[in-house]
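Here the structure comes first, spelled out in structure tokens, and everything after it is commentary.
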Amino acid sequence: MGILSSTVAVCQFRVAGDLPAGDLYSYVAENLARQAFHPIDQGAAEQSVGWVHLDDHRQMSFDAPAAFWRDHYVVFTLRRDQRKLPAALLKAYLQVAEHEYLTANPGLNRVPKQKREELKEAVRLGLLAKTLPVPSAWDAVWDTRTGIVTFTSLSAPVIELFEAQFKKTFEGLRLVAIHPYARAEAVVGEELKPLLEKANLAASDAAIDLIRSNQWLGWDFLLWLLHRTMTESSEYRVNQPGPALADDPFVAYLNDRLVLMSAGEAGTQKITVAGPQDHFREAVTALAHGKRITEATIYLEKEENIWKLTLKGELFHFASLKAPRVAIEKGDHVDEGSEREAAFYERMYVIEQGLQLFDSLYGEFLKARLGAGWGEELARIEGWLAGE
């Protein structure tokens with residue numbers, strides 16, 4: 001689903017590299033146009049990948065500001081059209097082609113290997129020409145003030161495709177994932193940064209190492225939040241920059257769904273606890289036996305507004321992020337383009353506010369986790385798990 005959908009999957013990146021000194025608008029327009037999507041409906045190409053408009057995936061011209069420029073945001077959509085042939089279909093048509101070849105060459109008992117490859121390619125191309133490509137699209141929003149890019153897919157192959165296409169489009173720039181440790185660096189106070197660096201278990205600055213070596217961030221954060229949900233106040237204060245005012249109160253808690261995992265000699269074991277929870281008894285039992293929370297549904301509430309998201313603890317991807325609804329007005333008297341642009345700004349406001357609340361919650365956890373009182377808090381959590 002796209003960025004304007006009421007529920008969306010979100011991952012975020014920081015743009016690394018030096019932007020050109022000249023006009024940013026011209027730079028972005030030229031490069032998006034250079035890597036714009038090209039339709040393959042009339043040919044037999046297997047795949048086409050490129051950029052299209054956020055509001056209309058049939059449009060691929062970037063010669064006007066309305067196509068991609070929204071104040072300090074650059075918005076564009078990655079479109080991939082792909083033809084796929086079922087293996088059984090290709091095999092059946094190849095058998096027909098081979099039979100026809102052997103009939104035309106009665107002196108042969110079987111099709112030579114080289115000829116079989118030629119027939120296979122000819123059959124494949126013939127079938128591709130008769131097959132309509134299936135389109136897929138994923139939105140990207142680049143905040144040029146912060147350098148953060150928000151992308152609407154959590155699929156590893158799609159994210160890899162997006163990173164490669166972005167790097168190909170904007171030469172000299174690349175995307176760096178905002179994983180749990182990177183997010184911690186962004187939200188933790190200056191006084192705690194030395195302690196965060198000391199707690200870093202990675203041997204290098206490589207993103208994959210920072211993710212795998214610091215899985216404790218996701219584990220401890222979700223455990224801490226579960227304990228707070230069940231035993232303490234769920235009220236917190238805004239402590240990160242964003243649309244909400246500093247020190248504004250909000251509520252955060254876990255509910256509905258937890259995924260717990262453990263690794264041992266028998267392999268990885270995984271359990272899912274689903275449905276509204278009163279005491280999380282099943283989850284507490286699993287935690288007491290050594291499992292860790294790897295995924296959980298988090299609610300964030302501020303005044304009458306509610307955000308709901310499923311946090312993937314290893315990467316800090318946000319699945320099923322549901323923010324307060326943004327309505328698009330329709331009617332004969334409404335300028336559809338202006339209305340969709342206004343809806344975009346309102347949508348980004350509520351998404352950014354939700355992520356600001358999440359970052360404030362994460363910042364509160366880091367104060368506890370890196371502070372001198374973590375030993376005592378961990379003892380309370382362990383006592384709670386033990387039923388004391």
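The values are calculated or read from the model by the stated rules, or taken from the named source; none is laboratory data. Note that the structure is a prediction, hence the values are computed from the model and not measured. For neighbour counting, all protein chains shown are included, and Cβ atoms are generated from backbone atoms with ideal geometry for every residue, glycine included.
Data for the structure
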| item | result |
| --- | --- |
| Those residues of segment 83-96 which are surrounded by fewer than 17 Cβ atoms within 10 Å (Cβ to Cβ), touching a residue at least 24 places away in the same chain (Cβ under 8 Å) and part of a helix (DSSP H, G or I), in sequence order | L89, L90 |
| Residue match in segment 322-331 (condition: among the charged types (D, E, K, R) and buried (at least 20 other Cβ atoms within 10 Å of the Cβ)) | no |
| Residue in segment 16-26 that is part of a strand (DSSP E or B), in contact (Cβ under 8 Å) with a residue 40 or more places away in the chain and closer than 23 Å to V176 by Cα present | yes |
| Residue tally, condition over 17 Å from W138 (Cα atoms) and of a type in the set (D, E, K, R), over segment 59-87 | 5 |
| Cβ pairs under 6 Å, 6+ apart, first in segment 183-206 and touching a residue at least 40 places away in the same chain (Cβ under 8 Å), second hydrophobic (A, V, I, L, M, F, W, C) and in a loop (DSSP other than H, G, I, E, B) | R183/F316; L196/V188 |
| Segment 207-229 residues that are closer than 11 Å to A368 by Cβ, paired with ones that are of a type in the set (G, A, S) and assigned to a helix (DSSP H, G or I) (beta carbon under 8 Å, 6 or more apart) | W224/A368 |
| Answer residue from segment 141-199, given it is over 30 Å from K367 (Cβ atoms) and of a type in the set (K, R) and is surrounded by the fewest Cβ atoms within 10 Å (Cβ to Cβ) among those | K168 |
| Out of R110, R80, R124, R70, sole residue that is surrounded by 14 or more Cβ atoms within 10 Å (Cβ to Cβ), among the basic types (K, R) and farther than 30 Å from A342 by Cα | R124 |
| Selection count, segment 200-222, where residues are surrounded by 17 or more Cβ atoms within 10 Å (Cβ to Cβ) and more than 20 Å from L378 (Cα to Cα) | 2 |
| Long-range neighbours under 7 Å by Cβ, at least six apart or interchain, first residue assigned by TED's automatic domain parsing to the domain that holds Q215 and surrounded by fewer than 16 Cβ atoms within 10 Å (Cβ to Cβ) within segment 253-265, second modelled with pLDDT of 95 or more and assigned to a strand (DSSP E or B) | D256/T297 |
| Residue pairs meeting the criteria (Cβ under 7 Å; at least 6 apart or on separate chains; first under 15 Å from G290 (Cα atoms), in segment 370-383; second outside any loop (DSSP other than H, G, I, E, B)) | I381/L223; I381/H227 |
| Single unsatisfied condition, R281 versus (1) farther than 19 Å from G363 by Cβ; (2) touching a residue at least 24 places away in the same chain (Cβ under 8 Å); (3) basic (K, R) | (2) |
